[in-house]
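Colleague: Attaching a single structure in C-alpha cells format; questions to follow.
Rule-based calculations on the coordinates, nothing more; no lab input. No experiment lies behind these values; they were computed from the predicted model shown. Counting neighbours? That spans all protein chains shown, and the Cβs are built from the backbone with ideal geometry, glycine included.
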Amino acid sequence: RKEMEETSARVMEMVELVPVTRAHALEDEEVAKMSGQLFAVAEKGYKLDLIQALFGSVGWAVFQIFQVICLAFTGYLAIGGKIQAGDITLYQSYFATVVNQVSSIVTLLPTIAKGIESVNSIGEVLLSEDIEDNEGKEKLEQVTGTFDFEDVCFHYKNNEHNVLNHLNLHVKSGETIALVGESGAGKSTILNLVIGFNQAESGKVLIDGKDISKIDLRTYRKHLAVVPQTSILFSGTIRDNITYGCENVSEEELQKVIKAANLSNLIASLPKGLDTMVGEHGGKLSGGQRQRISIARALIRNPKVIVLDEATSALDSISEKLIQQALNNLTEGRTTFIVAHRLSTIRDADRIAVIADGRCAEYGTYEELMALQGEFYQLKQIQS
C-alpha cells in the first residue's frame, strides 16, 4: 500500500513538472526514476503473490493430510468393530464439509486483512489532529470584520522555532492591511490564522471580539473569501468556476461581478462566453485571466473578510492594471489581509504591517512608515 501511495505521488509530481523537465532536457532522468519506482512496486506485488500462493497451497496440502489421517483413523475403528464400515463414508463426508468451510475462511483472511488495513487508514485520517472540531461551538450569523491578534505565538509541529512571537495587531472593520516583510517572517502564517487553518499556541485571535478557536469556523467562513497566490481553477466552464459554492446566482449579479473583475472583454471575445470550458487547471487561459476569475469567484460570495496572497508572477502591464482595478473593487469596504509584493498594492493599503521575527515591527500608513525611516524604509530601499 505504501509503495502504491509513493508511486501515485511520484506520477502527480512528474506530471506537474513536465514543463520544467522538458525545459532542462531531463526526460531520461525522470523516466529512469519512474522505472525504478515501478520495478519496486512490481517486486513487492510479486512477493505478495508468492506469499498468497504459498498460503493457499500449504493450506490445501495440510487439509489433504488431515483427510488421509481421518480416513486411516475411521478405518482402524471399523476394523476394531467400534463403528460399521458404512460409517467411514459418513465421517469422510462430514470431514470434507468442515474442511471446505474452514478453507473458505482461510481464503478470506488476506481479504479481511486488506479491509482492516483500509479501515485503519480511514481512522487515521478521521482522528488526525488537523481535522477541525466545530461541534457545539458558537455559530456566527454576522461578521463585521474587526480583528485583534493579542500576544499570539505559533510554531509548526515539526519545528521548535516560533514562526510568530507575541504578535499584536489590531485591524478595524473595512481596512486593507498589507503584510510586508522578508521571506519566512510569518506573513503566510498570519493569513492561515485569519482563515482558521492554524490555531494560536498561546495568545488569542479575536474576530469581532470573539475568540476564533471558540467559534464554528464553517459559519465564519461563509463571510470569508480567499484569493490564493496561484489561481486554482478546475475543469469546467468559466461560469462554474466563478459561481463555485454559490447557488441561485442571478444573471444580473453574475454580470455585475464580471464587470467588477474586469472580465467583460474576455467573456465577450469567447464564442461560448461564460460557458467556455477552461481546461484542466485553467490551461486555456493566461495567468492574468485566471487571476481575474479567482477575484470574480471571491466577489460573488460578497464576503466581509478577504485573504489575498498576492501573486509575484511577472504579468504584463495591461494585465497588472486590470488585476489592480479588480482588486480595488474586491477590497472596497471589506476587511482585507494581503501579503503584498507590488508597490502599487502597498501604497493603496490603509495600513501596512511590517512583520519581522514573527512580530509586528512597524504599523501605519505608507507615508508614516516612510517618514519613520525604520524597517519598512529599509525594505523599500532594497527593493528599489
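Colleague: On each of the three principal axes of the Cα atoms of the stretch 2-126, give max minus min coordinate, whole Å, ordered largest first.
Modeller: 89, 35, 14
Colleague: Moving on to the next point. Could you check the spin-label model distance between Gln142 and Trp60? Points 7 Å from the Cα along Cα→Cβ, value in nm.
Modeller: With each label placed 7 Å out from Cα toward Cβ, I get 7.6 nm.
Colleague: Name the trypsin sites (Lys or Arg not before Pro) in the stretch 138-216 that are in a loop by DSSP and that have at most 11 other C-beta atoms within 10 Å, would you?
Modeller: Those that pass, being in a loop and sparsely packed, are Lys139, Lys157.
Colleague: Rank by packing, highest mean first: peptides 284-293, 249-258, with packing defined as the count of other Cβ atoms within 10 Å averaged across residues.
Modeller: 284-293, 249-258
Colleague: Sort Thr345, Thr107, Thr176, Thr335 by Cβ crowding within 10 Å, fewest neighbours at the top.
Modeller: Final ranking by Cβ density, sparse to dense: Thr107, Thr345, Thr176, Thr335.
Colleague: Right, here's the next one. Per-residue counts of other Cβ atoms within 10 Å, averaged by peptide: what ranking do you get for 13-20, 229-236, highest first?
Modeller: Ranked from most to least packed, the peptides come out as 229-236, 13-20.
Colleague: Need the C-alpha centroid separation for the stretch 43-82 versus the stretch 160-189, integer Å.
Modeller: 70 Å
Colleague: Once every DSSP H run of n ≥ 4 in the chain is given -39500 (n - 2.57) and the sum is divided by its residues, what mean residue ellipticity at 222 nm do you get, rounded to the nearest 500 deg cm²/dmol?
Modeller: So the calculated ellipticity at 222 nm is -17000 deg cm²/dmol.
Colleague: Taking Lys47 as the anchor, which aspartates and glutamates have their alpha carbon closer than 19 Å to its alpha carbon, excluding any fewer than eight residues away along the same chain?
Modeller: Those aspartates and glutamates meeting the cut-off are Glu3, Glu5, Glu6, Glu117.
Colleague: Mind checking the full-extension length gain between Glu368 and Glu150? Use 0.36 nm per residue of separation minus the Cα-Cα distance, one decimal, nm.
Modeller: Full extension of this stretch gives 76.2 nm more.
Colleague: Run the numbers on the chain and let me know its relative contact order in percent, using alpha-carbon pairs under 8 Å that are six or more apart.
Modeller: Contact order relative to length: 17 percent.
Colleague: What is the antiparallel percent of DSSP beta bridges lying wholly in the stretch 147-383, to the nearest 5?
Modeller: So the antiparallel bridges amount to about 50 percent of the total.
Colleague: Here are some pairs, Lys187/Lys210; Lys137/Lys187; Lys157/Lys204; Lys256/Lys321; which of them have Cα atoms lying more than 25 Å apart in this structure?
Modeller: In this structure, Lys137/Lys187 exceed 25 Å between Cα atoms.
Colleague: Another question about this same structure. Counting other Cβ atoms within 10 Å, keep those with at most 15, restrict to DSSP loop, and tell me which trypsin sites (Lys or Arg not before Pro) in the stretch 33-132 are left.
Modeller: Lys82
Colleague: Could you grab the relative contact order for the stretch 2-126? Cα pairs under 8 Å, six or more apart, rounded to a whole percent.
Modeller: Dividing the mean separation by the residue count of the stretch 2-126 yields 19 percent.
Colleague: Same structure, new question: Put +1 on the Cβ of every Lys and Arg and -1 on every Asp and Glu Cβ in the stretch 147-383; which of Ala185, His166, Ile232 then has its Cα farthest towards the positive end of the dipole?
Modeller: Looking along the dipole axis, the top candidate is Ile232.
Colleague: Throw me the Rg/Rh for the stretch 61-182, computed over C-alpha atoms with Kirkwood Rh, two decimals.
Modeller: 1.55
Colleague: Moving to a separate point now. Can you work out the FRET efficiency for the pair Leu17 and Asn265, with r the C-beta to C-beta distance and R0 = 41 Å, to the nearest 0.05?
Modeller: Between Leu17 and Asn265 the formula returns 0.75.
Colleague: On a 0 to 90 degree scale, rounded to 10, what angle separates helix 27-79 from the longest Cα axis of the chain?
Modeller: The helix 27-79 is inclined about 30 degrees to the chain.
Colleague: Moving on to the next point. Please grab the % of Cα pairs in the chain that end up more than 39 Å from each other.
Modeller: Considering the chain, 43 percent of its Cα-Cα pairs are separated by more than 39 Å.
Colleague: Using only the C-alpha atoms of the stretch 24-91, find the volume of their convex hull and express it per residue in Å³.
Modeller: 63 Å³
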